[in-house]
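The structure under discussion appears below in the form of structure tokens.
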Amino acid sequence: MKPLTAQEVIEKAKEYHVKFVRLQFTDIHGSFKNVAVTVEELERAMDGRIGFDSAVLEGKFGPRQTDIFLRPDPTTFEVFPWRPREGAVARLICDAVSAEGKPYPGCVRSNLRNSLEVLKETALEISVGAEIEFFLFHIDQQGHPIPQTHDNAGICDLTPVDLGENARRDMVLTLEEMGFQIVSSHHEISPGQHEIVLREDSPLSMADKIATFKFVVRTIAQRHGLHASFMPKPLPHHYGSGMALSLGLWRQDGENALADPTGTCGLSSMAGGFMAGIINHAGAITAITNPLVNSYKRLANSELDRVLKGWSEGNRNSMIRVPAQRGKDTRIVLCSPDATCNPYLALSLLIRAGLQGIKEQMVLPASLDQDLPSERIPGNLGEALEALRADEFVQQILGSHTFNRYMEIKQQEWDEFQYHVHPWELEKYLTNY
């Protein structure tokens, strides 16, 4: 379908009886935010004349204020299907720009756009799919989530064991109404855990979809009296939730650039370079793809670790997996990320690291299917931040503005965790010491 222009957005809003438009954007944490305007202000909004405080984007209110403006992307216009048709509510995803109309340094969507400009120079295209896991929890009488799952089902179970089937179905139907292509959905391994798989799309569209996905899933869960959580490890004795990213690499003639029947495991030298580039920067990338203290509780506490810095076809502990399909279906799956990450920054880093590996003709390391000794990705947020602090290439991609702000936020989070006295410590030490 042909993308909408700004004028067509205004006309569509009238056609669908839209009253409010949410101008959505993603902050440095990866959280979806919005500024709502009435349809009467939509023309001003489309001109990029709706301003706000940069602190909302950066997550901190300091003594100085910078005015920035939202520039809506007309291609992202959608009417929310769960709202009334009269007085409907629509959304537009926006980039953040300065008063002069230049990309704001802290705009994560613009950061991904920059990496896509670098990709254009290579005459290659990248597609991205996502397998997103989440939990459904009960809520208390005040509407607050409690760590009690709504069922005790397991992998691919059916009703009546899978009590989340109706909610998950409504999520899929709503996402499809908003233009998503859903590959599959099912109950996952842990009680109350679910997975929905998104079909491949361009990197910018997929980042937009991941941000939207979390918003839609939580909204539909709430309508079912449940709380959807993307927290990586909410239950101490069960598997956590990840977000595997499936990456395809394509030549301009439509041929799969990752496949080569004569190469190692049917993979091309380009595939080797792309994976080697990601593995080379795995520590710093992990600080972005696994941004919470809790992210590392998921990564280090099961036989599904995804913590080995390397690739394989069947080793569940490797951070990168290459599924068995070859030819046009050849793809690379990064298994270590979780859905709390900022999708724009994560995809920006993966693209640039992979392209660096191709450019420098990095050699594909030996497959971890051979059970070779392998280095691990960082074991906690502190180690990940140290890796990010030491990686100048990744810092350059993030830009000094985003890098410095991200490090400040995450170092504070790690310090708070380090200095906090946790219930485990009281149980372990209070009596005996």
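The values are calculated or read from the model by the stated rules, or taken from the named source; none is laboratory data. These figures come from a predicted structure and were not determined experimentally. Here the Cβ is made from the backbone with ideal geometry for all residues, glycine too, and neighbour counts use every protein chain on show. Surface accessibility is based on the protein's heavy atoms, side chains included, excluding ligands, DNA and RNA. Shrake-Rupley method; radii C 1.70, N 1.55, O 1.52, S 1.80 Å.
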Exercise for review: Quick one: what are the phi-derived ³J(HN,Hα) couplings along segment 238-255, Karplus 6.51/-1.76/1.60 with θ = phi - 60°, whole Hz, x for glycine and proline?
Suggested key: 9, 4, x, 9, x, 9, 6, 10, 9, 10, x, 10, 10, 7, 5, 7, x, 7
Revision key, fill the gap. With a 1.4 angstrom probe the carbon and sulfur portion of accessible area for segment 290-345, in percent, totals 44
Practice item. Could you work out the relative contact order of segment 289-433, using alpha carbon pairs under 8 angstrom and six or more residues apart, expressed as a whole percent? Key: 24
Study note, to complete from the structure: A student applying the Cα gyration tensor rule (rounded when a/c is under 1.5; otherwise prolate if a/b is larger than b/c, oblate if not) would label segment 167-301 oblate
**Study point:** Charge dipole magnitude, Cβ of K and R +1, D and E -1 - the chain, Cα centre, debye nearest 20
**Key:** 440
Revision key, fill the gap. Relative contact order as a percentage, segment 136-286, C-alpha pairs under 8 Å and 6+ apart, gives 18
Check your understanding: Cα centroids of segment 205-235 and segment 371-433: how far apart, whole angstrom?
Key -> 25
**Study point:** Whole-Å distance, taken between Cα centres, linking segment 252-298 and segment 339-355
**Key:** 11
Practice item. Take every DSSP beta bridge whose two residues both sit in segment 227-373, then give the antiparallel share in percent to the nearest 5. Key: 70
Review point. What share of the DSSP beta bridges in the chain is antiparallel, in percent to the nearest 5?
Key: 85
Point to revise | Whole-Hz ³J(HN,Hα) from phi, Karplus 6.51 cos²θ - 1.76 cosθ + 1.60, for segment 314-321, glycine and proline x | key: x, 7, 5, 8, 7, 6, 10, 10
Practice item. Go through 252-260, 269-277, 27-35 and give me the packing order, highest mean Cβ count within 10 Å leading. Key: 269-277, 27-35, 252-260
Review point. Mean separation of Cα pairs under 8 Å and 6+ residues apart, divided by the residue count of the chain: what relative contact order is that in percent?
Key: 14
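Take each of the peptides 43-51, 129-137, average the number of other beta-carbon atoms within 10 Å over its residues, and list them starting from the highest.
The peptides rank, most packed first, as 129-137, 43-51.
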Revision key, fill the gap. For segment 97-111, Karplus-derived ³J(HN,Hα) couplings (6.51, -1.76, 1.60; θ = phi - 60°; whole Hz; x for glycine and proline) come out as 10, 7, 4, 7, x, 8, x, 6, x, x, 7, 6, 5, 5, 4
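Ignoring ligands, DNA and RNA, what accessible area per residue does the chain give at 1.4 Å, in Å²?
With the other protein chains kept in place, the chain gives 47 Å² per residue.
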Exercise for review: Express the carbon and sulfur contribution to the solvent-accessible surface of segment 91-145 as a percent, rounded to the nearest whole number, probe 1.4 angstrom.
Suggested key: 48
**Study point:** Dipole moment magnitude, nearest 20 debye, segment 51-179 about Cα centre, only Lys, Arg, Asp, Glu C-beta charged
**Key:** 540
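Need one word for the chain: rounded, prolate or oblate. Basis is the Cα gyration tensor (sqrt eigenvalues a ≥ b ≥ c); a/c below 1.5 gives rounded, then a/b vs b/c decides.
rounded
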**Study point:** Residue (of Ile220, Ser241, Phe230) at the positive-pole extreme of the chain, dipole from beta-carbon charges
**Key:** Ile220
